[in-house]
Amino acid sequence: MTSPRSLVIGEALVDVFQHDDGTTTVWPGGSPTNVAMGLTRLGHVVSELCYIGDDAYGEVLHAKLRDEGIAEQPGALTAPASSVADVRLTAAGDAEYEFSVLWDVPTSIDWDGIRVVHAGSIALALSPGADHVLELLQGRPAGVRVTIDPNVRPAFLPREGAAERLEPFFALADLVKLSDVDAEHLYPGLGVDAVLDRLLALGPSIAAMTLGPEGAVLATARDRVAMPALATHVVDTVGAGDSFMAALVSAVSSAEGRGAGSVGDWEPDRERLAEYARFASTASGITVSHAGPEPPTRGEIEAALAG
């Protein structure tokens, strides 16, 4: 199994959890950063292109990236202030967010050695950085695979015009993942199959949709696989979708390729598609079984699959 070098493009921010007793907990994160963290824990060599301020929260974020073994991509810009998300958990363990976010990236980077690039969340929606991310992806070298998870935040992406904003990213991607909440925001009234069909028609080889406690569906032009969620006690759902995405990217990009010198299997048959879905769903299930956006290691996932 080969794990190609991966680049993650997106926000690194501090989640400030507000507890009922008036205390707070600071947790470094951001959806793309959680994906980067998930990939490193699955054995990938990962760098992240992010936008962090020279301040106290920035020190927390830089330290977290170092501790997780995530290299910061050279050429990243320095933000006027680090981004913050105030988080409150509902009684069901779901997270509600209020954001203070700035976002920008350069329009050219060193792509040497990068085989897979992932981008998502606020980084695809918030100007000026979102337009620059699109430029970067459009200008990537031939052979670099693209994965996208919009992880839609309505505060940054109003429903009107949301699909039009994101579909240029989908069209560049080899793999796109939506949650059912994302899908309703982008394509209101369309069912799961209709949304997956629309995504595949834009160009990706693989489209995925997570359905919360109902599991997930993965689709290619030939096959469609439904996978139930891992049966577990849910502590909170923070980072569950990011763990799913990291595990899915890992599974696809690490699979034995079909051609000489290839990395990954981006046009899987039904059996392999089911393997991808099972691996990603297991990762997500492990994440919701404990507090915070803590993705599992490969060993944890393999142990759960073996059990």
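The values are calculated or read from the model by the stated rules, or taken from the named source; none is laboratory data. Bear in mind that the values here come from a model prediction, so they are computed numbers and not experimental data. Don't worry about glycine lacking a Cβ; one is built from the backbone with ideal geometry, like all the others, and counts go over all protein chains shown. Surface areas here come from the heavy atoms of the whole protein model, side chains and all, with no ligands, DNA or RNA. Shrake-Rupley method; radii C 1.70, N 1.55, O 1.52, S 1.80 Å.
Just how many % of Cα pairs in region 1-116 lie over 18 Å apart, if you round to the nearest whole percent? Result: 52 percent of Cα pairs exceed 18 Å. Distances between placed amide hydrogens fall under 5 Å for A255 paired with G264, D265, all partners being 5 or more residues away or on another chain. If you run the Gaussian network model on the chain, springs between alpha carbon atoms under 10 Å, then out of T25, T297, T287 the most flexible one is T25.
What residues have an amide H closer than 5 Å to that of E48, excluding those fewer than 5 places away on the same chain, when H is modeled at 1.01 Å from N in the peptide plane? Correct list: V8, A71, E72, Q73. Largest GNM mean-square fluctuation among A291, A255, A219, using the chain with Cα springs under 10 Å: A291. Please name which of C50, V60, V14 has its Cα lying farthest along the dipole of the chain towards the positive end, using unit charges on Cβ (Lys, Arg +1; Asp, Glu -1) and the Cα centre as origin. Result: C50, furthest along the dipole toward the positive end. For T232, the accessible area of its heavy atoms, probed at 1.4 Å with every protein chain present, is near 60 square angstrom.
Placing +1 on each Lys and Arg Cβ and -1 on each Asp and Glu Cβ, with no other charges, gives region 1-149 a dipole about its Cα centre of roughly 740 debye. When +1 charges are put on Lys and Arg Cβ atoms and -1 charges on Asp and Glu Cβ atoms, the dipole computed for the chain relative to its Cα centre reaches about 860 debye.
In the context of the full set of protein chains, region 39-132 has a per residue accessible area of 44 Å² (1.4 Å probe).
Could you identify which residue out of T147, T24, T33 has the top mean-square fluctuation in a GNM of the chain using Cα springs shorter than 10 Å? Ranking T147, T24, T33 by mean-square fluctuation puts T24 first.
Per the 1.4 Å probe, what fraction of the accessible area of the chain, in percent, lies on carbon and sulfur atoms? List each step's numbers first, then the result.
Working: 6310 of 12610 Å².
Solvent-exposed carbon and sulfur of the chain make up 50 percent of the total.
Distance between the C-alpha centres of region 153-213 and region 287-307: 26 Å, rounded to the whole angstrom. Full extension of the chain between E135 and E271 yields a length gain of 45.4 nm, computed as 0.36 nm times the residue separation minus the alpha carbon distance.
Averaged across orientations, what area in nm² does the convex hull of the alpha carbons in region 78-143 project?
Details: hull surface 24.6 nm².
Mean projected area for region 78-143: 6.1 nm², to one decimal.
Given the Cα-Cα distance of A201 and Y187 and 0.36 nm per residue of separation, how much length would full extension add, in nm? The partial results should precede the final answer.
Values: separation 14, 0.36 × 14 = 5.04 nm, distance 1.43 nm.
My answer for the length gained is 3.6 nm.
Counted as membrane-span-like here are DSSP H helices of the chain whose alpha-carbon atoms extend 18 Å or more along the helix's own axis and whose Kyte-Doolittle mean is -0.5 or above; these are 240-254, 270-288. If you plug the beta carbon distance of D86 and A142 into 1/(1 + (r/R0)^6) with R0 = 35 Å, you get a FRET efficiency near 0.25.
Per DSSP helix of 4 or more residues, -39500 (n - 2.57); summed, then divided by the residues of the chain. What does that give at 222 nm, rounded to the nearest 500? Can you show the working numbers first?
Numbers: 9 runs with 105 residues, N = 307.
One gets -10500 deg cm²/dmol as the mean residue ellipticity at 222 nm.
Over the chain, all Cα pairs binned in 20 Å intervals from 0 give whole-percent P(r) values of 36, 60, 3, listed from short to long.
Structural size metrics of region 159-241, computed from C-alpha coordinates, are Rg and Dmax of 13.1, 38 Å.
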